[in-house]
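The values are calculated or read from the model by the stated rules, or taken from the named source; none is laboratory data. The structure presented is a predicted model; accordingly, all values stated were derived computationally and were not measured. Don't worry about glycine lacking a Cβ; one is built from the backbone with ideal geometry, like all the others, and counts go over all protein chains shown. In case anyone asks, the SASA skips ligands and DNA or RNA and just uses the protein heavy atoms, side chains included. Shrake-Rupley method; radii C 1.70, N 1.55, O 1.52, S 1.80 Å.
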Amino acid sequence: MSKKGSASLLVQGDPRRPDKVKKYRAPEIASEEQQSTDYFSLLSLLFGMGGVMMRYKWSAWCAVITCIASFANSKKSDGDTKQMMTSVSFSMMGLFVNYFAPKPPAAAGA
């Protein structure tokens, strides 16, 4: 800082205003009932994608189980039917692809 700038601070005094200082208060955290994060639904979608795309039977069954757990833990007030129907459809598609869809042909060199 130049000498001119530091000299002007000394002449004017301390620019902070102690009457405007407020003590820090941590923001209030919402209770568990107010938070609506549904990890079972997210897991159901991820397992369902694994069952559909990778043809893992265990992944498709995990998707069904986590979808049922998500449905059992949901509250009536949540009402996120679009996400629930997406997880149900992915888990059912995973089972369908694994058990009813034709198997891809084996590699010729193997």
- Does region 3-55 hold any residues that are in a loop (DSSP other than H, G, I, E, B), at pLDDT 85 or above and open to solvent by 100 Å² or more (accessible area, probe 1.4 Å), and which are they? V21, K22, K23, Y24, R25, M54
- Message: Residue pairs, Cβ under 9 Å, 6 or more apart or interchain, first in region 37-59 and under 25 Å from P102 (Cβ atoms), second open to solvent by 90 Å² or more (accessible area, probe 1.4 Å) and in a loop (DSSP other than H, G, I, E, B). List them.
- Response: F47/Y56; G50/Y56; R55/K103
- Note on the structure: Across region 82-110, the tally of residues that are closer than 15 Å to S41 by Cβ and either in contact with a Pro (Cβ under 7 Å, 6 or more places away or on another chain) or surrounded by fewer than 10 Cβ atoms within 10 Å (Cβ to Cβ) (or both) stands at 1
- Query: If you take the residues in region 70-81 that are at pLDDT below 85 and not charged (D, E, K, R), which one is surrounded by the most Cβ atoms within 10 Å (Cβ to Cβ)?
  - Reply: S74
